[in-house]
Amino acid sequence: MHYICAVMAINTIHKILLLGAGGREHAFALQLSKSKRCAQLFIAPGNAGTAHCGENVPINPLDFQAIRSFVLQHQITMVVVGPEEPLVLGIWDFFQADPELSKVLLIGPSQAGAVLEGSKAWAKRFMGRYQIPTAAYREFSTDQLQQGLDYLSKHALPIVLKADGLAAGKGVVICQSINEAQQEMKEMLGGKFGDASAKVVVEAFLSGIEFSVFVLTDGKNYKILPEAKDYKRIGEGDKGPNTGGMGAVSPVPFADALMWQKVEDRIIVPTIKGLRKEKIPYIGFVFFGLIVVDGEPYVIEYNCRMGDPETEVVLPRLKNDFVQLLHACATGKLKRVVIKQDKKTATTVMLVSKGYPGAYEKGKIIEGLDTTKGSIILHAGTKMSEGSVLTNGGRVIAVTSFGKDIPSALRKSYSNARKIKFEGRYFRRDIGKDLL
Ligand code: AMP
Ligand code: GLY
């Protein structure tokens, strides 16, 4: 009897609503739509790429009431949350509190769990409680400006300043002088990022190589997904301002067995145990942004969702049935799951709009999408208009390819990246080069 119930549960067919509109969501939509357990897929609001995986619906992921109506009207049984904002605003709690929605499986942590990303100061204190390795820090709020400036005056260079809350990826500033750091602190505490910088974290600068680790957890058990390396800066050779991410590679060659042991023992296990100990409901992805200093991993940041563009290389390498995996997660049965990874290397190269990450224009016609061969073309910022695919964001298209190694995957990504054209298109030509 038990056995039959378990089989039935794991085979449940879902009507799914996916929230988000980027390359991460297109990668999610592809995996969800491929699953035999997916009866129907809606994406809110989606993009020109996700429209090929399911039906795009014009709903803002932050409009919980509109989501509620849609879920009830279409008898949605699973909601997958892509971006962090709905999670930080408490979409999980909203579903839990509503008798009609509480049975819907929602993939994403509670508001209390999303604080891992929503408040950098909270995340630092959490790491402190469980001795999770991270850079030394102090936090200062608006009424502590003078103490903050005094603290900075004796700080070693460079100094890392972080707005506490969500700041659209712009909240981290690395200052090369004390003057610059003091100026930045005045601006942040003065409201540069609104409420998000009413508190500032000052952190010691760590010098090393970064990579991203992803875990899916049901709050008790966890499964490690393929790792990735992201290329954050706009310019080649890691120069210029930070972006959302210009490309990614998975697997990461330096993440060997010894490194994984350290990451799991010192970082993943204490994080999942800590959340559980503090009774924080967490059903979803934990993204650990790590830096390796002299062979030792440290946490740079937590995110409460998958990475973008990391997802564009992580999910294609995942061989499990994705809906089945998410179902097991949402029903507390992750323990039974065995993660199956494709051994091949995946690379992705992001095509971006001229001006990104600063101001950029939208609405440029994208050509050549149907001329690519042997890559997965993932839309990040696109929309359909009168039969054409137009640019609709800073990051426009991610070109993901498989290869037996990094160079062979990159060759395909670059060959297809060059075939996709729009006015002002830019991409980095050195993704993955540092790993060769
Ligand atoms: P975040 O916006 O939190 O992803 O941070 C952006 C980037 O800032 C990270 O990916 C790192 O490259 C850099 N960064 C953040 N904290 C530190 C630190 N303590 N030491 C060195 N670099 C850092
Ligand atoms: N690629 C980094 C992020 O998703 O935050």
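The values are calculated or read from the model by the stated rules, or taken from the named source; none is laboratory data. Remember, it's a predicted structure, so these values are computed and weren't measured experimentally. Methodologically, a virtual Cβ is constructed for each residue, glycine included, from the backbone with ideal geometry; neighbour enumeration extends over all protein chains shown. The accessibility values were calculated without ligands, DNA or RNA, using every heavy atom of the protein model including side chains. Shrake-Rupley method; radii C 1.70, N 1.55, O 1.52, S 1.80 Å.
Among ALA417, GLY374, ALA398, which residue has its Cα furthest toward the positive end of the charge dipole of region 337-436, with +1 on Lys/Arg Cβ and -1 on Asp/Glu Cβ? Going by the charge dipole, the pick is GLY374.
Using a 1.4 Å probe on the protein chains only, how many percent of the accessible area of the chain belongs to carbon and sulfur? Please list the in-between numbers first.
Numbers: 9790 of 18480 Å².
Answer for the chain is 53 percent, counting heavy atoms of protein chains only.
In the context of the full set of protein chains, the chain has a per residue accessible area of 42 Å² (1.4 Å probe). Once backbone amide H atoms are built at 1.01 Å from N, ILE209 has VAL292 as its partners under 5 Å, excluding neighbours fewer than 5 places away on the same chain. Assuming charge only on the beta carbon of Lys and Arg (+1) and of Asp and Glu (-1), the dipole of region 168-217 about its Cα centre is about 120 debye to the nearest 20.
Need one word for region 1-122: rounded, prolate or oblate. Basis is the Cα gyration tensor (sqrt eigenvalues a ≥ b ≥ c); a/c below 1.5 gives rounded, then a/b vs b/c decides. Note, shape of region 1-122 comes out oblate.
Between rounded, prolate and oblate, where does the chain land on the alpha carbon gyration tensor, with a ≥ b ≥ c its root eigenvalues, rounded for a/c under 1.5, else prolate if a/b exceeds b/c? If you can, show how the numbers build up before the last one.
Values: a/c = 1.42, a/b = 1.16, b/c = 1.22.
Rounded shape, in that the Cα axes give a/c under 1.5.
If you take the square roots of the eigenvalues of the alpha-carbon gyration tensor of region 109-151 and sort them as a ≥ b ≥ c, do you get rounded (a/c under 1.5), prolate (a/b over b/c) or oblate?
Details: a/c = 3.74, a/b = 1.58, b/c = 2.36.
Judged from the Cα gyration tensor, region 109-151 comes out oblate (a/c at least 1.5, b/c at or above a/b).
Between MET259, PHE287, MET246, the Cα set farthest toward the positive side of the dipole of region 198-293 (charges on each charged residue's Cβ, about the Cα centre) is that of PHE287.
Which entries in the list LYS223/LYS277; LYS192/LYS229; LYS273/LYS335; LYS220/LYS262; LYS262/LYS319; LYS344/LYS433 go over 22 Å, if you measure between the two C-alpha atoms of each? Result: LYS192/LYS229; LYS262/LYS319 exceed 22 Å. Average projection, convex hull of the Cα set of region 186-315: 9.4 square nanometres.
In this structure, the amide hydrogen of LEU18, modeled 1.01 Å from its nitrogen in the peptide plane, lies closer than 5 angstrom to those of PHE42, ILE43, ALA44, VAL80, counting only residues at least 5 positions away or on a different chain. Among 86-92, 150-156, 166-172, sorting by the average number of other beta carbon atoms lying within 10 angstrom of each residue, highest first, gives 86-92, 166-172, 150-156.
Given Cβ point charges of +1 (Lys, Arg) and -1 (Asp, Glu) and nothing else, what value in debye, to the nearest 20, does the dipole of region 227-385 about its Cα centre take?
Details: 24 positive and 19 negative charges, 119 e Å.
Once rounded to the nearest 20, the dipole reads 580 debye.
Taken about its Cα centre, the chain carries a charge dipole of about 1180 debye when Lys and Arg each add +1 at the Cβ and Asp and Glu each add -1 at the Cβ.
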